[in-house]
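Below is one structure; the comments refer to it alone.
The values are calculated or read from the model by the stated rules, or taken from the named source; none is laboratory data. In this text, all values refer to a predicted model and were calculated from it rather than measured experimentally. Counting neighbours? That spans all protein chains shown, and the Cβs are built from the backbone with ideal geometry, glycine included. With ligands, DNA and RNA removed, areas are computed over all heavy atoms of the protein, side chains included. Shrake-Rupley method; radii C 1.70, N 1.55, O 1.52, S 1.80 Å.
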Amino acid sequence: MKKILQLTLFLIGSLVFAQDKTSTNESNGQCISGNCQNGFGVKKFDSGTLYIGEFWDDIPSGNGTVIWSNGSIYVGDFIRGEYKGEGTFISQDSNNNILYVGEFDNNKPNGLGTMFFENQEFFVGHFKSGEFNGKGYFHNSNQTIEEGLWKKGEITGDTAITRKNYIIFE
């Protein structure tokens, strides 16, 4: 179980949130509609990434949507080109499709959120720098639920594992 979680968190950190994030806070694209300096506009970046939303000083700031050329999408709050605040991220990565709804900081899940994986697993709880951190629940594809305190993606202390019709403490 721990190896699966470590692999999952590695994929989250390195593949999913390593999309071309820095392109949204650089001026390496073309405004194709609206006011991309200080207002609402549509900007296409050299990488093929498209940003639709609010700008301040030619940088995404406020509410907006990023669409990458691979089909991944982020919809939510931006501050100086970074995901910060409430948001939703849908990964269309060929290795691991993920849906995350919750709080972001520094382009990563940070705060309360829910992350769904394509293998029918999901985590509901607290995140820090993209990792499970704090109180949370992990629903495994084998229908078990791990509830407990998490630190750097790993469960710590007592764990309640819930299976059909009973709960055991390890």
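Within the set of pairs 6+ apart or on separate chains, which have a first residue in region 138-155 that is of a type in the set (Phe, Trp, Tyr), a second that is surrounded by 15 or more Cβ atoms within 10 Å (Cβ to Cβ) and in a loop (DSSP other than H, G, I, E, B), and C-beta atoms under 9 Å apart?
Listed pairs, sorted by first residue: Phe138/Glu121.
Report yes if Ser69 is crowded, with 20+ Cβ neighbours inside 10 Å, at pLDDT below 95 and either closer than 28 Å to Asp158 by Cβ or among the polar types (S, T, N, Q) (or both), otherwise no.
No.
In region 106-125, what residues are more than 9 Å from the chain's Cα centre (by Cα), within 20 Å of Glu82 (Cα to Cα) and either open to solvent by 50 Å² or more (accessible area, probe 1.4 Å) or among the aliphatic types (A, V, I, L, M) (or both)?
Of everything in region 106-125, those that are more than 9 Å from the chain's Cα centre (by Cα), within 20 Å of Glu82 (Cα to Cα) and either open to solvent by 50 Å² or more (accessible area, probe 1.4 Å) or among the aliphatic types (A, V, I, L, M) (or both) turn out to be Asn106, Leu112.
I'd like the full set of residues that are out of contact with any strand residue (DSSP E or B) (no Cβ under 7 Å at 6 or more places or on another chain) and without any contact (Cβ under 8 Å) to a residue 24 or more places away in the chain, limited to region 118-137.
Glu118, Asn119, Gln120, listed by residue number.
If you go through region 89-96 one residue at a time, do you hit one that is under 25 Å from Ile32 (Cα atoms) and at pLDDT 95 or above?
Scanning region 89-96, I find at least one residue that is under 25 Å from Ile32 (Cα atoms) and at pLDDT 95 or above, so the answer is yes.
Please identify the pairs in which a residue from region 67-87 that is within 15 Å of Leu112 (Cα to Cα) has its Cβ atom under 8 Å from the Cβ atom of a residue that is open to solvent by less than 50 Å² (accessible area, probe 1.4 Å) and assigned to a loop (DSSP other than H, G, I, E, B), counting only partners at least 6 apart or on another chain.
That search, which allows pairs on different chains as well, returns Tyr83/Asn107.
Looking at the structure I just gave you, is Glu103 modelled with pLDDT of 90 or more, open to solvent by 30 Å² or more (accessible area, probe 1.4 Å), acidic (Asp, Glu) and more than 24 Å from Gly62 (Cα to Cα)?
In short, no.
List the number of the failed condition for Ile161; all other conditions in (1) modelled with pLDDT under 90; (2) within 21 Å of Leu99 (Cβ to Cβ); (3) aliphatic (A, V, I, L, M) hold.
(2)
Which numbered condition trips up Ile145, out of (1) out of contact with any His (no Cβ under 8 Å at 6 or more places or on another chain); (2) at pLDDT below 90?
In the conditions (1) out of contact with any His (no Cβ under 8 Å at 6 or more places or on another chain); (2) at pLDDT below 90, Ile145 misses (1) alone.
Could you look through region 81-100, keep only residues that are more than 22 Å from Asn133 (Cβ to Cβ) and in contact with a Ser or Thr (Cβ under 6 Å, 6 or more places away or on another chain), and pick out the one that is surrounded by the fewest Cβ atoms within 10 Å (Cβ to Cβ)?
Gln92
Can you tell me which residue among Ser61, Ser141 is small (Gly, Ala, Ser), farther than 30 Å from Lys43 by Cβ and either open to solvent by less than 70 Å² (accessible area, probe 1.4 Å) or assigned to a strand (DSSP E or B) (or both)?
On the way: Ser61 fails: farther than 30 Å from Lys43 by Cβ.
Answer to the selection: Ser141.
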